[in-house]
Amino acid sequence: MTKAYRERLHAHQNEVSAHVATAAPLAADTTQALAARLSDVTGKTVDLTVSVDDSLIGGIVATIGSTVYDGSVKTQLKKLREAIKA
C-alpha cells in the first residue's frame, strides 16, 4: 500500500525514483550531474539513490522503473565474450 502511494505521489509531483550502481563511490558533484542528466532523459525530477557494486569493474548501471541503462564494464566484457563465441 505504501509503495503504491509513493508511486502516485511521485507521478503527481512529476518525479521518478532512480537507482544507480557504480563500481566506485561517486563525488557529490558527479552525483548531482548524473541526477541532472537522468532528469533530462526522463523529463522528470529524479530522486536518485546510489550504491557501490564492486563486481561492475567500472561504469554505472542506472535503473529507472523497469528501464535499465547498463554502461558497466562487466556487461561490456560479457557481450564481447558472447560475440567471440559466436
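The values are calculated or read from the model by the stated rules, or taken from the named source; none is laboratory data. Given the structure is predicted, the values throughout are model-derived calculations rather than measurements. Only protein heavy atoms, including side chains, enter the accessible area calculation; ligands, DNA and RNA are left aside. Shrake-Rupley method; radii C 1.70, N 1.55, O 1.52, S 1.80 Å.
Helix 28-42: angle to the longest alpha-carbon principal axis of the chain, degrees 0 to 90, nearest 10?
That works out to roughly 80 degrees.
Rounded to a whole number, what % of the accessible area of segment 29-78 do carbon and sulfur atoms account for, probe 1.4 Å?
The C+S portion of the solvent-accessible surface of segment 29-78 is 52 percent.
Share of Cα-Cα pairs in the chain beyond 23 Å, in percent? Write down the numbers at each step before the final one.
Details: 1192 of 3655 pairs.
So the pairs more than 23 Å apart make up 33 percent of the total in the chain.
Taking the Cα centre of each part, how many Å lie between segment 50-86 and segment 6-23?
That distance is 21 Å.
Cα axis of helix 2-12 to longest principal axis of the chain: angle in degrees, 0 to 90, nearest 10?
Orientation of helix 2-12: about 80 degrees from the principal axis.
Rounded to the nearest whole Å², what accessible area per residue is found for the chain with the 1.4 Å probe?
72 Å²
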